[in-house]
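Novice: Pasting a structure below so you can have a look.
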Amino acid sequence: MPARKRVTGLGRVQREFHRKLRQVGTAMGQSLVEVGLDLWGKSNELAPKKLGDLRASAYLAVGGEMVAGGEKPPAALMAPNDVRVVEFGYGVPYAERLHEMQPYQDPTTPGTQPKWLEITLSENADRYFKYVEKRTGEVVDD
């Protein structure tokens, strides 16, 4: 006759695992919002200013819900209900054209440049990734 062993406590382990997963998701969402706000501030420093409409149209959304900022473009806001998706952008119709404009001649505000969002994200991507990794790792290690 084969030996039988009874395993107990798996329900508790499973509940704890799911609790940690929820905590990681929450920490990830919160850290992505913080990253989005940092990206907002840094990219706005490079964004053209002339009248300020472009900078004022910046928005931040989490899981399809507006968190801060101006008007969202009609086609924006992807990934509804997913707190791990943070969207940052500029809502004025000319934002994309201005962002991609080459050559960039005679900016009205010194220090501004095209590709302001792309440049800011590229320059900070490693730092942003490490920050999110650190914040979610803190939950796992806790």
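FYI, it's all coordinate maths here, none of it is from the lab. These numbers were taken from a predicted model, which means no experiment stands behind them.
Novice: Which of these values of percent of Cα pairs over 24 Å apart was calculated from the structure shown: (i) 35; (ii) 45; (iii) 28?
Specialist: Of the listed options (i) 35; (ii) 45; (iii) 28, (ii) comes from this structure.
Novice: With axes computed from alpha carbons, what is the tilt in degrees of helix 116-141 against the longest principal axis of the chain, rounded to the nearest 10 within 0 to 90?
Specialist: 20 degrees
Novice: Here's something else I'd like to know. Taking the chain as the reference, fit the longest principal axis to its C-alpha atoms, fit the long axis of helix 10-46 to the helix C-alpha atoms, and give the angle between the two in degrees, 0 to 90, nearest 10.
Specialist: Relative to the chain, helix 10-46 is tipped by roughly 10 degrees.
Novice: Okay, next question. Using helices alone, I'd like the mean residue ellipticity at 222 nm for the chain: each DSSP H run of four-plus residues gives -39500 (n - 2.57), total over residue count, nearest 500.
Specialist: Numbers: 4 runs with 73 residues, N = 142.
Theoretical 222 nm ellipticity from helices: -17500 deg cm²/dmol.
Novice: In whole percent, what relative contact order does the chain give with Cα contacts below 8 Å and a gap of six or more residues?
Specialist: 28 percent
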